[in-house]
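The values are calculated or read from the model by the stated rules, or taken from the named source; none is laboratory data. What you see is a predicted model; the values in this text were computed from it and never measured. Using ideal geometry, Cβ is built from the backbone for each residue, glycine included, and neighbour counts are taken over all protein chains shown. Heads up: the accessible areas ignore ligands, DNA and RNA and are worked out on the full protein's heavy atoms, side chains in. Shrake-Rupley method; radii C 1.70, N 1.55, O 1.52, S 1.80 Å.
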Amino acid sequence: MGRPSRLGDEDRSDYTSALDEVIASPEIRRLLERSGVPGDRLRVRGLSAVARTAAAADAEYRRYAALRLHAQGGRRDARTAPLSGPGDQERPGAGVLAVLGVLTPVLAAVAAATFLLLGYGLRLADTLPALADTLVGVGWSSLAVAAVAALVSAVALYRTAARQSAADAVAVPGPSADGSPALAQAREAWLVALRDRGIRPFLLQELAEAGASAPGAGEGHGSRFSSPAFAGPDYSGPGFEGSTPPAPRQPGPGRP
């Protein structure tokens, strides 16, 4: 099988939740009360042993990670696919038509305003009446062209937006792929195996070792959940004994 898979960052919260569920189970709570080990200390031990406990459910985790990766790849492919079908966005001349659809109303409106201003200006000046009438007529014609072009452009933009919205709805349907039944079942199978084969046996072993090393259960062993106690009645400091110092030697006969 090779080396066990390392949990991804997105799975850390699931591991923590599974650990908390096991610690909150009646069996573990009863053993915690019996051994006197704080629950937060046991939780820290479980979090630090993630590589060891997760390896017990490595097969289930590999299947879950593979399904999740496949689902995420499918969503990326759907998002990067052409929104308006194959070949629509690559049709020759589509860009030119879009530019003309935007520029035609603007240019026609500018031309209409220019011709109307010149034509009515000549009429007010009462000069060149024939030219003035021609400019006014061309101006009104340009204004009509601008109005029609603007209406056509608005309809075209609306149809393009509607087609893209429909393509988005088909490419990424309703709920995301993370909610697929197969992926949910694989995740639940991994969590069950993680709790039953990884976290629970590890916590039971930790509590058993803590109970075996508790005071009165044996001598010469210190609990891994507490620091060694250096405050006993016979302790007076490193390298010193707790007994009284020896009495001074008395001088013998003939000695000063």
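Remarks
- Residue match in the stretch 121-143 (condition: within 18 Å of LEU100 (Cβ to Cβ) and either modelled with pLDDT of 85 or more or open to solvent by 80 Å² or more (accessible area, probe 1.4 Å) (or both)): yes
- From the options LEU7, LEU42, LEU31, residue that is modelled with pLDDT under 90 and either open to solvent by less than 40 Å² (accessible area, probe 1.4 Å) or over 23 Å from the mean Cα position of the chain (by Cα) (or both): LEU7
- Condition check for PRO105 on (1) open to solvent by 60 Å² or more (accessible area, probe 1.4 Å); (2) at pLDDT 70 or above; (3) farther than 30 Å from GLY8 by Cβ; (4) not hydroxyl-bearing (Ser, Thr, Tyr): one failure, at (1).
- Residues that are modelled with pLDDT of 90 or more and in contact with a Lys or Arg (Cβ under 8 Å, 6 or more places away or on another chain) are absent from the stretch 162-175 altogether.
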